[in-house]
Amino acid sequence: CRQAPALSKQQPESAAMVPCQLPTFAVFLMAALKASALDKYTAAVYEHSVILTGAVPKLVAPEDALKLMNRNLDVLEGAIKQAAGQGAHIIVTPEDGIYGWVFTRQTLYPYLENIPDPQENWNPCLEPEKFGSTPVQVRLSCMAKKYSIYVVANMGDKKPCNSSDPKCPSDGRYQHNTDVVYDVEGKFVARYHKYNLFATETYFDYPKEPEYVTFNTSFGTFGVMTCADILNFGEPAVSLVEKFKVDTILYPTAWTNTLPLLDAIQFHSAWAMGMRVNFLSANIHKPALGLTGSGIYAPDGPKVYYYNTETQNGKLLLTEIDAHPRLSPTYPPPVNWSLYASSVKNISPEVDVFTAAIYFDNFTFAKLSQEAGNYTVCQKDVCCHLSYKMAEKRQDEAYALGAFDGLHVIEGEYYLQICTLLKCKSTDLKTCGQPVDSARTRFDFFSLSGTFNTNYVFPEVLLTGNQLAPGEFQVLIDGRLISNNSISKPVLSVSLFGRWYEKDPPHPQFTSP
(Lines give C-alpha, C1' and ligand atoms only; values in the text may rest on other atoms or scores of the structure.)
Protein backbone atom coordinates (compact mmCIF):
# COMPACT_ATOMS: atom_id res chain seq x y z
CA CYS A 1 0.00 0.00 0.00
CA ARG A 2 1.50 3.28 -1.06
CA GLN A 3 0.51 6.67 0.26
CA ALA A 4 -1.51 8.91 -2.06
CA PRO A 5 0.87 11.19 -4.01
CA ALA A 6 1.27 14.77 -2.88
CA LEU A 7 -0.96 17.26 -4.64
CA SER A 8 0.81 18.94 -7.57
CA LYS A 9 -0.17 21.89 -9.72
CA GLN A 10 -1.23 19.56 -12.51
CA GLN A 11 -3.50 17.45 -10.31
CA PRO A 12 -7.11 18.28 -9.66
CA GLU A 13 -7.94 18.90 -6.02
CA SER A 14 -10.00 15.72 -5.93
CA ALA A 15 -6.85 13.65 -6.55
CA ALA A 16 -5.63 14.38 -3.03
CA MET A 17 -8.89 13.09 -1.59
CA VAL A 18 -8.59 9.55 -2.93
CA PRO A 19 -7.99 7.24 0.06
CA CYS A 20 -5.37 4.50 -0.01
CA GLN A 21 -7.29 1.33 -0.81
CA LEU A 22 -6.21 -2.12 0.38
CA PRO A 23 -7.17 -5.12 -1.73
CA THR A 24 -9.72 -7.35 0.00
CA PHE A 25 -7.26 -10.24 0.38
CA ALA A 26 -4.74 -7.92 2.09
CA VAL A 27 -7.36 -6.85 4.62
CA PHE A 28 -8.07 -10.47 5.48
CA LEU A 29 -4.34 -11.25 5.64
CA MET A 30 -3.65 -8.43 8.09
CA ALA A 31 -6.59 -9.48 10.23
CA ALA A 32 -5.36 -13.07 10.26
CA LEU A 33 -1.86 -12.02 11.25
CA LYS A 34 -3.17 -9.85 14.05
CA ALA A 35 -5.37 -12.68 15.30
CA SER A 36 -2.46 -15.14 15.19
CA ALA A 37 -0.05 -12.91 17.10
CA LEU A 38 0.27 -14.11 20.68
CA ASP A 39 0.49 -11.99 23.82
CA LYS A 40 1.89 -14.96 25.73
CA TYR A 41 3.60 -18.19 24.74
CA THR A 42 4.88 -21.35 26.37
CA ALA A 43 8.67 -21.56 26.53
CA ALA A 44 10.72 -24.65 27.30
CA VAL A 45 14.36 -25.31 28.16
CA TYR A 46 15.99 -28.69 28.66
CA GLU A 47 18.91 -29.30 31.01
CA HIS A 48 20.68 -32.22 29.36
CA SER A 49 22.98 -34.81 30.93
CA VAL A 50 25.15 -35.02 27.84
CA ILE A 51 26.78 -38.29 26.84
CA LEU A 52 30.45 -37.41 26.47
CA THR A 53 33.03 -38.72 24.01
CA GLY A 54 35.26 -40.01 26.82
CA ALA A 55 37.68 -38.83 29.47
CA VAL A 56 40.39 -37.80 26.99
CA PRO A 57 40.25 -36.55 23.39
CA LYS A 58 40.21 -39.32 20.79
CA LEU A 59 40.12 -39.16 16.99
CA VAL A 60 37.23 -41.23 15.62
CA ALA A 61 35.73 -41.94 12.23
CA PRO A 62 32.80 -39.74 11.13
CA GLU A 63 30.37 -42.66 11.44
CA ASP A 64 31.42 -43.21 15.06
CA ALA A 65 31.08 -39.49 15.77
CA LEU A 66 27.56 -39.61 14.35
CA LYS A 67 26.67 -42.58 16.55
CA LEU A 68 27.60 -40.61 19.66
CA MET A 69 25.71 -37.54 18.46
CA ASN A 70 22.63 -39.62 17.67
CA ARG A 71 22.63 -40.99 21.22
CA ASN A 72 22.41 -37.42 22.52
CA LEU A 73 19.87 -36.50 19.86
CA ASP A 74 17.72 -39.44 20.99
CA VAL A 75 17.55 -37.92 24.47
CA LEU A 76 16.95 -34.41 23.14
CA GLU A 77 14.17 -35.68 20.89
CA GLY A 78 12.43 -37.18 23.91
CA ALA A 79 12.52 -33.79 25.62
CA ILE A 80 11.36 -31.99 22.48
CA LYS A 81 8.45 -34.40 22.05
CA GLN A 82 7.47 -33.96 25.69
CA ALA A 83 7.67 -30.17 25.48
CA ALA A 84 5.58 -30.03 22.33
CA GLY A 85 3.03 -32.36 23.92
CA GLN A 86 2.66 -29.87 26.76
CA GLY A 87 2.04 -26.97 24.39
CA ALA A 88 5.49 -25.41 24.15
CA HIS A 89 6.07 -23.09 21.21
CA ILE A 90 9.88 -23.16 21.43
CA ILE A 91 12.54 -25.21 23.22
CA VAL A 92 16.19 -24.40 23.93
CA THR A 93 18.76 -27.17 24.40
CA PRO A 94 22.26 -26.69 25.88
CA GLU A 95 25.59 -25.68 24.46
CA ASP A 96 27.74 -28.76 23.78
CA GLY A 97 24.58 -30.83 24.21
CA ILE A 98 25.16 -32.99 21.13
CA TYR A 99 28.79 -34.04 21.64
CA GLY A 100 30.26 -32.54 24.82
CA TRP A 101 33.62 -30.75 25.13
CA VAL A 102 36.42 -33.32 25.40
CA PHE A 103 38.30 -32.37 22.24
CA THR A 104 41.38 -31.08 20.55
CA ARG A 105 41.00 -29.16 17.32
CA GLN A 106 41.69 -32.33 15.33
CA THR A 107 39.45 -34.70 17.30
CA LEU A 108 36.50 -32.30 17.03
CA TYR A 109 36.54 -32.26 13.23
CA PRO A 110 34.52 -35.48 12.61
CA TYR A 111 31.66 -33.97 14.65
CA LEU A 112 31.38 -30.83 12.52
CA GLU A 113 29.03 -30.10 9.63
CA ASN A 114 28.88 -27.34 7.05
CA ILE A 115 26.08 -25.10 8.30
CA PRO A 116 24.89 -22.80 5.51
CA ASP A 117 23.57 -19.27 5.74
CA PRO A 118 19.85 -19.33 6.68
CA GLN A 119 19.22 -17.02 3.73
CA GLU A 120 19.58 -20.12 1.57
CA ASN A 121 15.91 -20.79 2.38
CA TRP A 122 16.57 -24.39 3.36
CA ASN A 123 14.43 -27.01 5.03
CA PRO A 124 16.88 -29.83 5.83
CA CYS A 125 14.09 -32.31 6.55
CA LEU A 126 12.68 -31.85 3.04
CA GLU A 127 16.02 -31.36 1.23
CA PRO A 128 18.49 -33.52 3.16
CA GLU A 129 21.14 -33.64 0.41
CA LYS A 130 21.19 -29.96 -0.58
CA PHE A 131 24.40 -29.13 1.32
CA GLY A 132 26.14 -32.48 1.37
CA SER A 133 26.32 -34.63 4.47
CA THR A 134 24.34 -32.84 7.19
CA PRO A 135 22.72 -35.61 9.26
CA VAL A 136 22.57 -33.64 12.53
CA GLN A 137 20.92 -30.65 10.86
CA VAL A 138 18.48 -32.93 9.05
CA ARG A 139 17.52 -34.66 12.27
CA LEU A 140 17.02 -31.40 14.18
CA SER A 141 14.92 -30.02 11.34
CA CYS A 142 12.77 -33.14 11.26
CA MET A 143 12.23 -32.98 15.02
CA ALA A 144 10.97 -29.40 14.71
CA LYS A 145 8.71 -30.37 11.82
CA LYS A 146 7.41 -33.59 13.38
CA TYR A 147 6.48 -31.98 16.68
CA SER A 148 5.57 -28.50 15.31
CA ILE A 149 7.88 -26.62 17.66
CA TYR A 150 10.77 -24.18 17.27
CA VAL A 151 14.00 -26.03 18.15
CA VAL A 152 17.20 -24.30 19.31
CA ALA A 153 20.35 -26.44 19.43
CA ASN A 154 24.12 -26.05 19.58
CA MET A 155 26.57 -27.83 17.29
CA GLY A 156 29.79 -27.29 15.34
CA ASP A 157 30.23 -25.54 11.99
CA LYS A 158 33.18 -25.93 9.61
CA LYS A 159 34.15 -23.40 6.97
CA PRO A 160 37.09 -23.83 4.55
CA CYS A 161 39.59 -21.01 4.10
CA ASN A 162 42.97 -20.48 2.46
CA SER A 163 46.14 -18.40 2.64
CA SER A 164 44.44 -15.41 1.03
CA ASP A 165 42.75 -14.96 4.41
CA PRO A 166 45.41 -13.82 6.92
CA LYS A 167 43.34 -15.21 9.79
CA CYS A 168 42.89 -18.66 8.21
CA PRO A 169 44.05 -21.40 10.61
CA SER A 170 46.94 -23.58 9.47
CA ASP A 171 44.63 -26.56 8.86
CA GLY A 172 42.68 -24.58 6.28
CA ARG A 173 39.35 -24.31 8.03
CA TYR A 174 37.41 -22.35 10.63
CA GLN A 175 35.63 -24.29 13.36
CA HIS A 176 32.78 -22.43 15.04
CA ASN A 177 30.69 -23.05 18.14
CA THR A 178 27.28 -22.59 16.55
CA ASP A 179 23.63 -22.23 17.54
CA VAL A 180 20.97 -23.28 15.03
CA VAL A 181 17.21 -22.65 15.04
CA TYR A 182 14.43 -24.44 13.12
CA ASP A 183 10.80 -23.36 12.87
CA VAL A 184 7.65 -25.45 13.22
CA GLU A 185 7.89 -26.61 9.60
CA GLY A 186 11.55 -27.60 9.97
CA LYS A 187 12.86 -24.60 8.06
CA PHE A 188 16.33 -23.39 9.04
CA VAL A 189 15.80 -19.84 10.33
CA ALA A 190 18.89 -18.80 12.32
CA ARG A 191 22.61 -19.53 12.70
CA TYR A 192 24.84 -17.89 15.30
CA HIS A 193 28.62 -18.30 15.64
CA LYS A 194 29.69 -17.77 19.26
CA TYR A 195 31.77 -14.61 19.51
CA ASN A 196 33.06 -14.83 23.08
CA LEU A 197 34.75 -18.19 23.42
CA PHE A 198 35.64 -19.43 26.89
CA ALA A 199 39.32 -19.88 27.68
CA THR A 200 39.18 -23.67 27.28
CA GLU A 201 37.53 -23.60 23.83
CA THR A 202 40.83 -23.67 21.96
CA TYR A 203 39.39 -26.07 19.37
CA PHE A 204 37.01 -23.36 18.10
CA ASP A 205 37.73 -20.17 16.17
CA TYR A 206 36.33 -16.69 16.72
CA PRO A 207 34.07 -15.29 14.01
CA LYS A 208 35.59 -12.20 12.43
CA GLU A 209 32.89 -9.90 13.81
CA PRO A 210 30.10 -10.26 16.35
CA GLU A 211 26.94 -11.58 14.73
CA TYR A 212 23.55 -10.11 15.63
CA VAL A 213 21.21 -12.99 14.97
CA THR A 214 17.49 -12.33 15.37
CA PHE A 215 14.28 -13.76 13.94
CA ASN A 216 10.60 -12.93 14.21
CA THR A 217 7.70 -15.18 15.16
CA SER A 218 4.02 -14.72 15.97
CA PHE A 219 5.08 -14.71 19.62
CA GLY A 220 7.84 -12.12 19.58
CA THR A 221 11.32 -11.30 18.32
CA PHE A 222 14.17 -13.53 19.42
CA GLY A 223 17.93 -13.07 19.68
CA VAL A 224 20.52 -15.83 19.99
CA MET A 225 23.76 -15.96 21.96
CA THR A 226 25.85 -18.50 23.87
CA CYS A 227 27.39 -18.90 27.34
CA ALA A 228 30.34 -16.46 27.75
CA ASP A 229 28.57 -13.94 25.48
CA ILE A 230 26.63 -12.86 28.57
CA LEU A 231 29.73 -11.90 30.54
CA ASN A 232 32.99 -11.48 28.66
CA PHE A 233 32.17 -8.59 26.30
CA GLY A 234 29.28 -6.26 25.59
CA GLU A 235 28.67 -7.52 22.06
CA PRO A 236 26.54 -9.06 20.76
CA ALA A 237 24.50 -9.21 23.98
CA VAL A 238 23.88 -5.52 24.64
CA SER A 239 22.99 -4.65 21.05
CA LEU A 240 20.57 -7.55 20.75
CA VAL A 241 18.53 -5.99 23.55
CA GLU A 242 19.07 -2.27 23.02
CA LYS A 243 19.47 -1.90 19.24
CA PHE A 244 17.55 -4.87 17.87
CA LYS A 245 14.91 -4.73 20.63
CA VAL A 246 14.50 -8.49 20.97
CA ASP A 247 11.81 -9.70 23.34
CA THR A 248 13.57 -12.91 24.32
CA ILE A 249 17.18 -14.13 24.40
CA LEU A 250 17.72 -17.80 23.50
CA TYR A 251 20.74 -19.02 25.41
CA PRO A 252 22.34 -22.45 25.09
CA THR A 253 25.09 -22.72 27.71
CA ALA A 254 27.53 -25.06 29.39
CA TRP A 255 27.95 -22.94 32.52
CA THR A 256 30.17 -24.06 35.38
CA ASN A 257 28.82 -22.63 38.62
CA THR A 258 31.25 -20.28 40.33
CA LEU A 259 30.07 -19.13 43.72
CA PRO A 260 29.58 -16.70 45.33
CA LEU A 261 28.63 -14.42 42.39
CA LEU A 262 28.49 -16.48 39.20
CA ASP A 263 26.12 -19.35 39.86
CA ALA A 264 24.17 -20.03 36.65
CA ILE A 265 20.66 -19.35 37.93
CA GLN A 266 21.92 -16.45 40.03
CA PHE A 267 23.65 -14.55 37.22
CA HIS A 268 21.29 -15.43 34.37
CA SER A 269 18.20 -14.33 36.29
CA ALA A 270 20.01 -11.14 37.31
CA TRP A 271 21.00 -10.43 33.70
CA ALA A 272 17.38 -10.78 32.58
CA MET A 273 16.31 -8.29 35.26
CA GLY A 274 19.14 -5.85 34.60
CA MET A 275 18.65 -5.89 30.82
CA ARG A 276 14.84 -6.11 31.15
CA VAL A 277 14.39 -8.95 28.67
CA ASN A 278 13.10 -12.54 28.64
CA PHE A 279 15.92 -15.06 28.92
CA LEU A 280 15.68 -18.78 28.12
CA SER A 281 18.75 -20.55 29.53
CA ALA A 282 19.46 -24.26 28.94
CA ASN A 283 22.48 -25.65 30.78
CA ILE A 284 24.32 -28.96 30.75
CA HIS A 285 23.59 -31.27 33.69
CA LYS A 286 26.85 -32.65 35.09
CA PRO A 287 26.75 -31.83 38.83
CA ALA A 288 30.10 -33.49 39.52
CA LEU A 289 31.66 -30.91 37.22
CA GLY A 290 29.68 -28.00 38.65
CA LEU A 291 27.28 -27.91 35.69
CA THR A 292 23.61 -27.42 36.57
CA GLY A 293 21.20 -24.52 36.61
CA SER A 294 18.69 -23.71 33.88
CA GLY A 295 15.72 -21.40 33.81
CA ILE A 296 13.17 -19.21 32.10
CA TYR A 297 13.59 -15.68 33.36
CA ALA A 298 11.56 -12.52 32.80
CA PRO A 299 12.39 -8.84 33.41
CA ASP A 300 10.45 -8.93 36.69
CA GLY A 301 12.05 -12.13 37.97
CA PRO A 302 12.45 -15.88 37.39
CA LYS A 303 9.40 -17.76 36.12
CA VAL A 304 10.83 -21.26 36.58
CA TYR A 305 14.33 -22.51 37.28
CA TYR A 306 16.19 -25.69 38.13
CA TYR A 307 19.31 -26.36 40.20
CA ASN A 308 20.00 -29.90 41.34
CA THR A 309 23.24 -31.56 42.36
CA GLU A 310 21.65 -34.78 43.61
CA THR A 311 20.47 -36.42 40.39
CA GLN A 312 22.23 -37.42 37.19
CA ASN A 313 19.10 -37.03 35.05
CA GLY A 314 18.15 -34.22 32.71
CA LYS A 315 15.22 -31.90 33.38
CA LEU A 316 12.58 -30.23 31.20
CA LEU A 317 11.24 -26.85 32.28
CA LEU A 318 8.16 -25.14 30.81
CA THR A 319 6.26 -22.00 31.62
CA GLU A 320 4.13 -19.31 30.01
CA ILE A 321 5.73 -15.90 29.55
CA ASP A 322 4.91 -12.57 27.93
CA ALA A 323 5.66 -12.50 24.21
CA HIS A 324 6.35 -8.77 24.32
CA PRO A 325 7.54 -7.92 27.85
CA ARG A 326 8.00 -4.21 27.04
CA LEU A 327 4.22 -4.00 26.59
CA SER A 328 3.47 -5.76 29.87
CA PRO A 329 2.08 -3.76 32.82
CA THR A 330 4.72 -5.47 34.99
CA TYR A 331 7.62 -4.30 32.81
CA PRO A 332 10.11 -2.59 35.15
CA PRO A 333 11.12 1.03 34.53
CA PRO A 334 14.73 1.98 33.76
CA VAL A 335 17.03 2.32 36.77
CA ASN A 336 19.55 5.03 37.60
CA TRP A 337 21.93 2.69 39.37
CA SER A 338 23.97 5.33 41.21
CA LEU A 339 21.25 7.87 42.01
CA TYR A 340 20.64 6.89 45.62
CA ALA A 341 24.20 5.84 46.46
CA SER A 342 25.75 9.06 45.13
CA SER A 343 23.57 11.10 47.49
CA VAL A 344 24.50 9.14 50.60
CA LYS A 345 27.18 10.36 52.94
CA ASN A 346 29.49 7.78 54.47
CA ILE A 347 27.13 6.11 56.93
CA SER A 348 29.53 3.42 58.09
CA PRO A 349 30.71 3.28 61.67
CA GLU A 350 34.43 3.14 62.29
CA VAL A 351 35.23 -0.36 61.09
CA ASP A 352 38.30 -2.15 59.92
CA VAL A 353 38.33 -3.14 56.27
CA PHE A 354 40.15 -6.15 54.95
CA THR A 355 40.96 -7.69 51.58
CA ALA A 356 39.78 -11.07 50.36
CA ALA A 357 39.41 -12.59 46.90
CA ILE A 358 36.36 -13.58 44.88
CA TYR A 359 37.25 -15.50 41.73
CA PHE A 360 40.80 -14.08 41.96
CA ASP A 361 39.61 -10.47 42.30
CA ASN A 362 40.67 -8.65 45.49
CA PHE A 363 37.60 -7.10 47.12
CA THR A 364 37.60 -4.57 49.95
CA PHE A 365 35.42 -5.94 52.75
CA ALA A 366 33.97 -4.87 56.08
CA LYS A 367 32.57 -7.42 58.54
CA LEU A 368 28.96 -7.00 59.64
CA SER A 369 29.58 -7.06 63.38
CA GLN A 370 26.08 -6.22 64.59
CA GLU A 371 22.60 -7.67 64.18
CA ALA A 372 21.55 -4.51 62.32
CA GLY A 373 23.33 -1.51 60.93
CA ASN A 374 24.45 0.76 58.11
CA TYR A 375 27.78 0.27 56.36
CA THR A 376 29.77 1.85 53.55
CA VAL A 377 32.74 0.20 51.85
CA CYS A 378 34.62 1.76 48.95
CA GLN A 379 37.14 0.68 46.33
CA LYS A 380 38.27 3.23 43.74
CA ASP A 381 35.11 4.81 42.28
CA VAL A 382 32.68 2.34 43.79
CA CYS A 383 31.21 2.98 47.23
CA CYS A 384 28.73 0.35 48.40
CA HIS A 385 26.05 1.27 50.93
CA LEU A 386 24.21 -1.33 52.97
CA SER A 387 21.41 -1.07 55.49
CA TYR A 388 20.29 -4.36 57.02
CA LYS A 389 18.66 -6.18 59.89
CA MET A 390 19.27 -9.82 60.66
CA ALA A 391 16.63 -11.93 62.40
CA GLU A 392 19.45 -12.82 64.77
CA LYS A 393 23.23 -12.49 64.81
CA ARG A 394 24.67 -16.00 64.90
CA GLN A 395 28.09 -16.59 66.40
CA ASP A 396 28.88 -19.45 64.02
CA GLU A 397 28.44 -17.44 60.81
CA ALA A 398 30.11 -14.29 59.46
CA TYR A 399 28.81 -11.86 56.84
CA ALA A 400 30.66 -9.06 55.09
CA LEU A 401 30.00 -6.16 52.73
CA GLY A 402 32.40 -6.05 49.79
CA ALA A 403 33.30 -3.69 46.95
CA PHE A 404 35.30 -4.26 43.77
CA ASP A 405 36.23 -1.87 40.99
CA GLY A 406 38.71 -3.31 38.53
CA LEU A 407 39.66 -5.51 35.60
CA HIS A 408 39.04 -9.23 36.01
CA VAL A 409 41.84 -11.13 34.25
CA ILE A 410 41.26 -14.86 34.87
CA GLU A 411 39.53 -16.94 32.16
CA GLY A 412 38.67 -13.77 30.27
CA GLU A 413 39.36 -10.06 30.76
CA TYR A 414 36.44 -7.78 31.60
CA TYR A 415 35.89 -4.75 33.81
CA LEU A 416 33.72 -5.15 36.90
CA GLN A 417 32.12 -2.89 39.49
CA ILE A 418 30.47 -4.94 42.22
CA CYS A 419 28.78 -4.45 45.57
CA THR A 420 28.03 -7.61 47.54
CA LEU A 421 26.71 -8.69 50.90
CA LEU A 422 27.77 -12.28 51.40
CA LYS A 423 28.24 -15.07 53.87
CA CYS A 424 31.85 -16.01 54.52
CA LYS A 425 32.78 -19.67 54.33
CA SER A 426 33.65 -19.65 58.04
CA THR A 427 34.06 -17.12 60.83
CA ASP A 428 37.67 -16.67 59.68
CA LEU A 429 37.47 -13.50 57.58
CA LYS A 430 40.12 -14.84 55.21
CA THR A 431 37.41 -17.15 53.86
CA CYS A 432 35.11 -14.32 52.79
CA GLY A 433 34.53 -14.69 49.07
CA GLN A 434 35.16 -18.43 48.98
CA PRO A 435 32.35 -20.65 47.66
CA VAL A 436 29.68 -21.57 50.20
CA ASP A 437 26.25 -23.01 49.47
CA SER A 438 24.51 -23.17 52.84
CA ALA A 439 23.59 -20.64 55.50
CA ARG A 440 21.46 -20.27 58.63
CA THR A 441 21.23 -16.50 59.05
CA ARG A 442 17.92 -14.93 58.03
CA PHE A 443 17.52 -11.28 57.15
CA ASP A 444 14.46 -9.22 58.04
CA PHE A 445 15.62 -6.41 55.77
CA PHE A 446 18.37 -5.30 53.44
CA SER A 447 19.01 -2.35 51.14
CA LEU A 448 22.10 -2.37 48.92
CA SER A 449 23.27 0.35 46.52
CA GLY A 450 26.48 1.54 44.88
CA THR A 451 28.10 4.45 43.04
CA PHE A 452 28.41 2.72 39.67
CA ASN A 453 29.94 4.27 36.56
CA THR A 454 27.91 1.95 34.34
CA ASN A 455 24.24 1.43 33.53
CA TYR A 456 24.77 -2.31 33.17
CA VAL A 457 24.14 -3.63 36.66
CA PHE A 458 22.61 -7.02 37.43
CA PRO A 459 20.78 -7.56 40.76
CA GLU A 460 21.40 -10.91 42.46
CA VAL A 461 19.84 -12.52 45.52
CA LEU A 462 20.89 -16.11 46.30
CA LEU A 463 19.54 -18.10 49.24
CA THR A 464 20.78 -21.19 51.05
CA GLY A 465 20.93 -24.31 48.90
CA ASN A 466 21.58 -22.16 45.83
CA GLN A 467 17.97 -21.05 45.51
CA LEU A 468 16.57 -17.84 44.05
CA ALA A 469 14.15 -15.49 45.77
CA PRO A 470 11.41 -14.59 43.26
CA GLY A 471 9.08 -11.90 44.53
CA GLU A 472 11.09 -11.34 47.71
CA PHE A 473 13.07 -8.30 46.56
CA GLN A 474 12.84 -5.40 44.15
CA VAL A 475 15.02 -2.82 42.48
CA LEU A 476 13.97 0.80 42.96
CA ILE A 477 14.48 3.32 40.18
CA ASP A 478 17.14 5.07 42.29
CA GLY A 479 19.34 1.94 42.20
CA ARG A 480 18.55 0.35 45.56
CA LEU A 481 18.17 -3.42 45.76
CA ILE A 482 15.80 -3.92 48.69
CA SER A 483 13.99 -6.81 50.33
CA ASN A 484 10.19 -6.67 50.26
CA ASN A 485 9.73 -8.39 53.63
CA SER A 486 11.63 -10.86 55.75
CA ILE A 487 13.46 -13.22 53.39
CA SER A 488 12.02 -16.75 53.43
CA LYS A 489 15.36 -18.57 53.68
CA PRO A 490 18.84 -17.80 55.00
CA VAL A 491 20.90 -15.60 52.69
CA LEU A 492 24.05 -16.61 50.82
CA SER A 493 24.55 -13.32 48.97
CA VAL A 494 22.90 -10.09 47.87
CA SER A 495 24.81 -8.40 45.06
CA LEU A 496 24.82 -5.67 42.44
CA PHE A 497 27.04 -7.02 39.67
CA GLY A 498 28.15 -4.24 37.34
CA ARG A 499 29.85 -4.51 33.96
CA TRP A 500 31.69 -1.44 32.68
CA TYR A 501 32.03 -2.47 29.04
CA GLU A 502 33.80 0.71 27.93
CA LYS A 503 36.83 -0.23 30.06
CA ASP A 504 37.18 -3.73 28.64
CA PRO A 505 40.39 -4.49 26.73
CA PRO A 506 40.12 -5.28 22.98
CA HIS A 507 38.40 -8.53 22.00
CA PRO A 508 40.85 -11.44 21.42
CA GLN A 509 39.74 -11.53 17.78
CA PHE A 510 41.59 -8.23 17.31
CA THR A 511 44.65 -9.05 19.42
CA SER A 512 45.43 -12.60 18.28
CA PRO A 513 47.89 -13.09 15.40
>> Would you confirm whether or not the range 470-489 contains a residue that is aromatic (F, W, Y), at pLDDT 95 or above and in a loop (DSSP other than H, G, I, E, B)?
In response: no
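Identify, please: which residue in the range 410-441 is outside any loop (DSSP other than H, G, I, E, B) and of a type in the set (V, I, T) and is, among those, farthest from A270 (Cα to Cα)? Steps first, answer last, please.
Restricting attention to the range 410-441, the residues satisfying the condition of being outside any loop (DSSP other than H, G, I, E, B) are 414-423, 429-431.
Restricting the remaining residues to those that are of a type in the set (V, I, T) gives 418, 420, 431.
Details: I418: 13, T420: 13, T431: 25 Å.
Looking at the filtered set, the residue picked out is T431.
Tally up the residues in the range 243-280 that are polar (S, T, N, Q) and under 12 Å from the mean Cα position of the chain (by Cα), please.
Restricting attention to the range 243-280, the residues satisfying the condition of being polar (S, T, N, Q) are 248, 253, 256-258, 266, 269, 278.
Filter again for under 12 Å from the mean Cα position of the chain (by Cα), leaving 248, 253, 266, 269, 278.
Total meeting the criteria: 5.
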>> For the list (1) open to solvent by 50 Å² or more (accessible area, probe 1.4 Å); (2) in a loop (DSSP other than H, G, I, E, B); (3) at pLDDT 95 or above, I need the number of the one condition that L407 fails.
In response: (2)
> In this structure, does A372 turn out to be surrounded by fewer than 20 Cβ atoms within 10 Å (Cβ to Cβ) and either in contact with a helix residue (DSSP H, G or I) (Cβ under 9 Å, 6 or more places away or on another chain) or farther than 27 Å from A199 by Cα (or both)?
Replying inline: yes
>> Scan the range 429-437 and tell me whether some residue there is within 30 Å of L197 (Cβ to Cβ) and of a type in the set (D, E).
In response: yes
> Does the range 421-430 include one or more residues that are open to solvent by 50 Å² or more (accessible area, probe 1.4 Å) and closer than 20 Å to R276 by Cα?
Replying inline: no
> Out of all the residues in the range 249-267, which are touching a strand residue (DSSP E or B) at 6+ places or on another chain (Cβ under 7 Å) and among the β-branched types (V, I, T)?
Replying inline: I249, T253, T256, I265
>> Which condition from (1) in contact with a strand residue (DSSP E or B) (Cβ under 6 Å, 6 or more places away or on another chain); (2) in a helix (DSSP H, G or I); (3) among the hydrophobic types (A, V, I, L, M, F, W, C) is the one that M69 breaks?
In response: (1)
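May I ask you to verify whether V335 is under 30 Å from E502 (Cβ atoms) and part of a loop (DSSP other than H, G, I, E, B)?
Values: under 30 Å from E502 (Cβ atoms): yes; part of a loop (DSSP other than H, G, I, E, B): yes.
Answer is yes for this residue.
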> Applying the selection to the range 460-472, what residues are at negative phi and either touching a strand residue (DSSP E or B) at 6+ places or on another chain (Cβ under 8 Å) or crowded, with 20+ Cβ neighbours inside 10 Å (or both)?
Replying inline: E460, V461, L462, L463, T464, L468, A469, P470, E472
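Let's see how each residue does on (1) under 25 Å from the mean Cα position of the chain (by Cα); (2) not in a loop (DSSP other than H, G, I, E, B):
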| residue | (1), (2) |
| --- | --- |
| C142 | no, yes |
| K145 | no, yes |
| V152 | yes, yes |
| M155 | yes, yes |
| K159 | no, yes |
| S164 | no, no |
| C168 | no, no |
| D171 | no, no |
| D179 | yes, yes |
>> Take the residues in the range 59-118 that are acidic (D, E), closer than 25 Å to S148 by Cα and in contact (Cβ under 8 Å) with a residue 40 or more places away in the chain; name whichever of them is surrounded by the fewest Cβ atoms within 10 Å (Cβ to Cβ).
In response: D117
> Considering S495, S449, S483, which residue is buried (at least 21 other Cβ atoms within 10 Å of the Cβ) and more than 28 Å from T292 (Cα to Cα)?
Replying inline: S449
>> Can you pull out every residue in the range 167-192 that is at pLDDT 95 or above and surrounded by fewer than 16 Cβ atoms within 10 Å (Cβ to Cβ)?
In response: P169, S170, D171, G172, E185
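For the range 285-313, enumerate the residues that are over 16 Å from the mean Cα position of the chain (by Cα) and either open to solvent by 10 Å² or more (accessible area, probe 1.4 Å) or over 16 Å from C227 (Cα atoms) (or both).
Passing the criteria: K286, P287, A288, L289, G290, N308, T309, E310, T311, Q312, N313.
Of these, V457, V475, which one is open to solvent by 10 Å² or more (accessible area, probe 1.4 Å) and farther than 20 Å from D396 by Cα? Write out each step before concluding.
Working: V457 fails: open to solvent by 10 Å² or more (accessible area, probe 1.4 Å).
Exactly one residue qualifies, and that residue is V475.
Of all the strands (runs of 3 or more DSSP E) wholly in the range 199-284, which have at least 2 residues that are buried (at least 24 other Cβ atoms within 10 Å of the Cβ) and touching a Ser or Thr at 6+ places or on another chain (Cβ under 6 Å)? Break it down stepwise before answering.
Numbers: elements: 214-217, 220-224, 248-252, 278-282.
Output list reads 220-224, 248-252, 278-282.
The values are calculated or read from the model by the stated rules, or taken from the named source; none is laboratory data. Computed from a prediction, not measured in an experiment: that's the story for all the values here. Cβ sites come from the backbone with ideal geometry, for glycine too, and all protein chains shown count toward neighbours. The area values use the complete protein model at the heavy-atom level, side chains included, leaving out ligands, DNA and RNA. Shrake-Rupley method; radii C 1.70, N 1.55, O 1.52, S 1.80 Å.
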